Amino acid sequence: VKIAIAGCGSIGVAFAVLFADAGHEVRCWDPDGGARSRARRDLEDRAVRLAEHHLLNDEVHVTLARVAITEEIEAASDSAEFVQECAPEDLAIKQEVLGRLADLTGPDVPLASSSSAMTASSIACGSSFAERVLVGHPGNPPYLLPVIELVPSPTTSPTVIARARQVYGSAGLHVVNVMREVEGFVFNRLQGALLREAYCLVRDGVVTVEDLDMVVRLGLGRRWSVVGPFETVDLNTRGGIASHADKLGPAYARMGAERGQHDPWTPELVDVVVRARRAQLSLDDWEDRVAWRDEALMRLASHEETNSTPV
Ligand SMILES: NC(=O)c1ccc[n+]([C@@H]2O[C@H](COP(=O)([O-])OP(=O)(O)OC[C@H]3O[C@@H](n4cnc5c(N)ncnc54)[C@H](O)[C@@H]3O)[C@@H](O)[C@H]2O)c1
C-alpha cells in the first residue's frame, strides 16, 4: 500500500518506520525544513535500534529504502492509497492539511488523523470529504505499543473504516473500536483517571511522586502488561469479577464519592461485564488461567532479572 504521512514529528516518524517495515511504500511530507532533516536522522536511528533488538522484520536499509521524505505535499500524496495525518494538535492546521490531501488523493482514499483529542466529526465538520475522515490514534511510539484506537465519525464510510483496519492490521497493530466520539477516546481517558487520582494522592500528602510511579511500575503496570484491569480483578477474586464487584464495589464507590464521582457499578452494569468475562473464561477454567497469569508474570520477572532493569 502507498501511504502518505503528513507531519514528520515524533508520531509521523514512528508511523513511517512501522508502515515501511510492514512492506508499505511511505511518503512523508513536512513543511518545515528543520523537521525534515531531523526526521531523516530519527528514522534511521529508530530502524537501527529496533534491529538491534531484533524487532525489525527486514534489514535496516531495506526498510529505510521504502521511506521518502518530501518538501512537497503533492509528491507525498501522489497515488497514495492511505493517508495518516500527524500534524500538530491544532484544529485549523488539521482541517487545512486534510482538505489539501482530500483534493490531492483519490475519492476513496481514507484520511486518518493521529489526533489525541480531536474527533473526526470536529475535523471534517461540514466538509465534502467527511466520509473519508476518521481518527487512528496510536500509542507512542506505535512500533512498540501495538494498539491503535479507531474512531470514526457517524459519517465515516464503512469502506474507509474497513480499509483503515486492514492497513493497521497489516502493520501488526491491534485495532480498538471506539464506538462513540468521546473526548480522550479510551487510552487517554483511562490514563486520565489514573493521573487524576495520582495528583490527588500527592496533593493530599498520601504518597510521594517517586513511590506512586513505583506502585504502577512494579505493581499495577507489571500486571496490566499481562492482563487488563477487568481480567485482573476477575482473576484476583475466587468466584470471578461478580464476586469482586459484590465484595469491593461499595469500597470503590466510597473512593469515587470522596472525589465527587458518582458512577455506581449498578447490578445491570456489573452484569454486562460479568457476561463478557464469562464468555471469555468459564469459571471452570479459572484456576488454570490464574496459573497462566502467574507463569506470564514469572517470565516477565526473569526477563527483568536477566536484563537487570533498575528498580
Ligand atoms: N506525541 C504523542 O505522545 C502522541 C501520541 C498519539 C497521538 N499524537 C498526535 O499525533 C499528532 C502529531 O503529534 P507529534 O507528537 O508527532 O507532534 P510533533 O510536534 O512532534 O510533530 C508535528 C509535526 O508537524 C509538522 N507540521 C507543522 N505544521 C504542519 C502543517 N501545516 N502540515 C503538516 N505538518 C506540519 C511539524 O513541523 C512537526 O514536524 C498530534 O495530533 C498528536 O496529538 C501524539
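FYI, it's all coordinate maths here, none of it is from the lab. If you're wondering where the values come from, they're calculated on a predicted model, not measured in any experiment. Counting neighbours? That spans all protein chains shown, and the Cβs are built from the backbone with ideal geometry, glycine included.
Summary table
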quantity	calculated
Footprinting exposure proxy for 218, 134 (fewest neighbouring C-beta atoms within 10 Å first)	218, 134
Residue order, fewest to most surrounding Cβ atoms within 10 angstrom, among 94, 247, 2	247, 2, 94
Sequence-separation-based contact order of the stretch 52-205, relative, with Cα cut under 8 Å and 6+ spacing, percent	17 percent
Distance (nanometres) between label positions extended 7 Å along Cα→Cβ at residue 92 and residue 62	4.6 nm
Label zone at residue 2, where the point sits 7 Å out along the Cα-to-Cβ direction: the stretch 61-97 residues whose backbone N lies under 18 Å	65-85
Karplus 3J(HN,Hα) series, Hz, for the stretch 176-186 with 6.51 cos²θ - 1.76 cosθ + 1.60 (x for Gly, Pro)	9, 7, 8, 8, 9, 7, 8, 4, x, 6, 9
Distance between modelled label sites at residue 162 and residue 286, nm, 7 Å Cα→Cβ extension	4.1 nm
Translational diffusion of the stretch 1-158, µm² s⁻¹ [Kirkwood Rh, Cα pairs; Stokes-Einstein; 37 °C; 0.692 mPa s]	212 µm²/s
The chain: relative contact order as a whole-number percent, Cα under 8 Å and 6+ apart	12 percent
Residue-averaged [θ]222 nm for the chain, counting only DSSP H segments that reach four residues, each worth -39500 (n - 2.57)	-16500 deg cm²/dmol
Leading residue at positive end of dipole, the stretch 1-105 (Cβ point charges), from 29, 47, 64	47
Whole-Hz ³J(HN,Hα) from phi, Karplus 6.51 cos²θ - 1.76 cosθ + 1.60, for the stretch 209-218, glycine and proline x	4, 5, 5, 4, 4, 5, 4, 6, 4, 9
Cut-off 19 Å, label 7 Å out along Cα→Cβ of residue 294, residues of the stretch 226-244 by amide N	226-228, 231-241
Gain upon complete extension [residue 222, residue 170; 0.36 nm per residue less C-alpha separation]	16.0 nm
FRET efficiency estimate (nearest 0.05) - Cβ-Cβ, residue 197 to residue 53, R0 45 angstrom	0.85
Modelled FRET efficiency - R0 25 Å, residue 269 with residue 236, Cβ distances, 0.05 increments	0.85
Ranked 100, 238, criterion: other C-beta atoms within 10 Å, fewest first	238, 100
The chain, dipole about Cα centre (Lys/Arg Cβ +1, Asp/Glu Cβ -1), debye to the nearest 20	400 debye
The chain: C-alpha gyration tensor shape, a/c 1.5 cut-off, then a/b vs b/c	prolate
The chain - share of DSSP beta bridges that are antiparallel (%, nearest 5)	20 percent
